Amino acid sequence: MKYLKVIAFTHKQIELKELGKLVICQENLTDKLRAVKAHFGIDEIFYLSTCNRVEFVFSTAAEVNREFAEAFISEMRIGLCPNSTKTFIDAANIFEGKEALNHLLRTSCSLESLVVGEKEILAQLRKAYDDCREEGLTGDKLRLVMECVVKAAKEVYTHTNISKNPISVVSLAYRKLKDLKLCSNARVLIIGAGETNRNISKYLQKHKFSNFAVFNRTLEKAEQLAADLNGEAYQLADLANYKKGFDAIITCTSAVEPIITPEIYTSLLNGETGKKTIVDLAIPNDTAPEVLEQFDVNFIEVHSLNEVAKKNLQERYQELVHAEAIIEQNITEYFVMLKQRKVELAMRQVPEKIKEIRSNAMNTVFADEVQSLDEESRAILEKVINYMEKKYISVPMIMAKDILINN
């Protein structure tokens with residue numbers, strides 16, 4: 001189990017605005033992960049990035065300490081200077097073995113989230129893993145880990161009230177937006193068609209907002225979200241030329257540089273002078289700091305939701321106890337399953353060996369005797385050998401599992 005390692009940068013040790021510096025552009029993420037995988041001899045790897053964490057999950061025999069983590073982040077070529085890299089590494093959490101599994105389970109159950117009880121983290125974690133699995137970056141070990149992670153999260157959400165009356169970063173952002181009392185025909189620009197913006201769009205639609213324009217790098221995804229909202233779809237590049245005005249911008253992309261610059265914002269205003277609203281749930285922010293300095297804006301970001309999130313944690317404290325008990329049970333079950341898996345892998349050659357012995361006996365050692373039998377006798381012999389072959393394959397595997405588990 002020592003092979004499981006996690007390097008985690010989270011909101012608990014690092015300011016959310018600073019976390020954005022660790023986010024890797026999706027366009028070259030796979031190439032970077034593949035390069036560091038080869039460079040450090042890592043067996044399996046996946047990368048998780050949300051609004052309040054950046055994490056790297058490994059399967060590797062290498063010792064993952066702060067020295068390794070510093071070399072790893074440098075090799076990722078994120079663009080940090082040596083001093084910044086060291087500051088981040090000093091604030092990182094590094095987990096191994098059971099602690100790493102416990103951390104991943106707590107993360108999937110939202111116990112480590114900025115807003116405890118929000119279910120989005122499980123979907124984000126699964127997608128992060130699936131994306132890397134599809135690129136061939138993960139294998140059997142992380143597959144088993146993820147099966148445990150998903151199972152534990154589902155049990156926590158089913159058997160506790162931790163997500164009752166769910167509160168998420170999205171719902172908290174919408175509450176703040178609602179307090180601004182925008183009219184239902186307010187012109188809303190949605191930048192990014194990912195899960196976060198799809199979720200906040202559901203709130204807007206539920207409360208009768210109806211005037212949407214969706215911008216996304218991939219036009220097809222913009223069209224899908226726009227169709228759900230009865231709005232218009234554009235490519236992200238069209239934002240610079242959009243002249244229909246707006247009352248609110250909701251943005252959440254994976255861009256590592258600001259999308260809304262002073263120039264873009266001025267163009268979007270198209271001469272209007274009223275106070276506008278920006279809901280920016282991206283890490284790093286999609287809104288350049290200069291926009292907030294130069295224009296009068298109602299600005300809602302993840303960082304501003306911290307106080308509400310703390311209150312939410314206090315309200316759900318009792319449920320944390322129940323959730324942690326479920327997590328501990330799943331860790332115990334995982335180690336039993338892991339032992340079984342080791343036996344299966346160790347004994348996977350048993351069936352082939354038994355078939356080799358059978359073939360050698362029938363075709364070489366006792367070939368003359370078998371040939372001397374009549375057709376009916378050979379048929380009976382085949383039945384007996386087939387029966388014994390199945391038993392010889394299954395019995396030792398069952399006994400080996402039982403011995404290993406009980407010891």
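What follows is calculated from the coordinates using simple rules that are stated; it is not laboratory data. Since we're looking at a predicted model, the values are computed, not measured. Because the Cβ atoms are built from the backbone with ideal geometry, glycine has one as well, and the counts that use them run over all protein chains shown.
Quick notes
- Flag if LEU172 is in a helix (DSSP H, G or I), of a type in the set (A, V, I, L, M, F, W, C) and surrounded by fewer than 20 Cβ atoms within 10 Å (Cβ to Cβ): no
- Boolean, SER267 is surrounded by fewer than 21 Cβ atoms within 10 Å (Cβ to Cβ), of a type in the set (Gly, Ala, Ser) and in a helix (DSSP H, G or I): yes
- Test: residue in the stretch 199-214 that is under 17 Å from ASP286 (Cα atoms), out of contact with any strand residue (DSSP E or B) (no Cβ under 7 Å at 6 or more places or on another chain) and not hydroxyl-bearing (Ser, Thr, Tyr): no
- Inspection of the stretch 112-119 identifies no residue that is out of contact with any Lys or Arg (no Cβ under 9 Å at 6 or more places or on another chain) and farther than 20 Å from GLY194 by Cα.
- Verdict on THR196 being among the hydroxyl-bearing types (Ser, Thr, Tyr) and either under 30 Å from LYS342 (Cβ atoms) or in a loop (DSSP other than H, G, I, E, B) (or both): no
- So GLU27, is it buried (at least 17 other Cβ atoms within 10 Å of the Cβ) and either assigned to a strand (DSSP E or B) or among the acidic types (Asp, Glu) (or both): no
- Number of the exception - ILE354 against (1) of a type in the set (Val, Ile, Thr); (2) more than 47 Å from the chain's Cα centre (by Cα); (3) surrounded by 10 or more Cβ atoms within 10 Å (Cβ to Cβ): (2)
- Unique match (being touching a residue at least 40 places away in the same chain (Cβ under 8 Å), more than 30 Å from ASN197 (Cβ to Cβ) and in a helix (DSSP H, G or I)) among ALA100, ALA123, ALA152: ALA100
- Residue check for THR273: out of contact with any helix residue (DSSP H, G or I) (no Cβ under 8 Å at 6 or more places or on another chain) and loosely packed, with under 14 Cβ neighbours inside 10 Å: yes
- Residue that is surrounded by the most Cβ atoms within 10 Å (Cβ to Cβ) [pool: residues in the stretch 184-194 that are more than 22 Å from the chain's Cα centre (by Cα) and touching a residue at least 40 places away in the same chain (Cβ under 8 Å)]: ILE190
- Any hit, the stretch 76-93, residues being assigned to a loop (DSSP other than H, G, I, E, B), farther than 18 Å from ILE14 by Cβ and β-branched (Val, Ile, Thr): no
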